[in-house]
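The values are calculated or read from the model by the stated rules, or taken from the named source; none is laboratory data. Predicted model only: the values in this text are computed from it and were never measured. Note that we place each Cβ from the backbone using ideal geometry, even for glycine, and neighbour counts take in every protein chain shown.
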């Protein structure tokens, strides 16, 4: 079953869309917290997003740009706006289609089915990110995204952060981390690990994440 995230501010319209999706045997998930759409997206792992332009706080264009930083999942804009510029902006921001309100549900379902067929018949757009307290690690390009900052990580920095994020709150020993950095019969020694952690902490600090990696004396590191 395909999961579709509905980002719509109008409660009545939201209910109508989710109901129509269920009739077509989709799982419709309605966004509730409009300040944390990205988190809702990560948690629900949808195969398609229906995104209104007029939203509280930040508009649909903003959230489309944020979604495109971590995923290529198809996005259909839904809006009462009908100007040529709105449609151009929607496409330029990364949208795949645009449907105007009032919505003809048969047309919307036809667009959804067509877009899902085109997308998932030959591509796998499964979400490949790890998230911790608003920081998103993109597994495809080894980049950390936090607010408006994008941090490029080296291979070892990425592996260290990936381990810490996937074991958040758990103390990982230095030995365990070093074993994960083993590659091409070249073992990363204790000093190399220290250097990489120092560099990683410096990059996190530049993005306002300076206190995330903690040291447990005599044991190892953990992510707070």
Query - Residue satisfying all of: in region 135-158; surrounded by 19 or more Cβ atoms within 10 Å (Cβ to Cβ) and more than 13 Å from the chain's Cα centre (by Cα); farthest from residue 39 (Cα to Cα) among these - result: 156
Query raised in the report: modelled with pLDDT under 90 and not assigned by TED's automatic domain parsing to the domain that holds residue 38: does that describe residue 171?
Result: no
Requested in this report: Count, please, the residues in region 193-216 that happen to be under 15 Å from residue 163 (Cα atoms), in contact with a strand residue (DSSP E or B) (Cβ under 6 Å, 6 or more places away or on another chain) and part of a helix (DSSP H, G or I).
Outcome: 1
Query raised in the report: Pick from 78, 103, 17: which is touching a helix residue (DSSP H, G or I) at 6+ places or on another chain (Cβ under 8 Å) and part of a strand (DSSP E or B)?
Result: 78
Report summary line: Restricted to region 134-158 and to residues being assigned to a loop (DSSP other than H, G, I, E, B) and touching a residue at least 60 places away in the same chain (Cβ under 8 Å), the residue farthest from residue 206 (Cα to Cα) is 134
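Conditions tested, residue by residue: (1) under 16 Å from the mean Cα position of the chain (by Cα); (2) surrounded by fewer than 14 Cβ atoms within 10 Å (Cβ to Cβ).
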residue	(1), (2)
5	yes, no
13	no, no
38	yes, no
41	yes, no
58	no, yes
88	no, yes
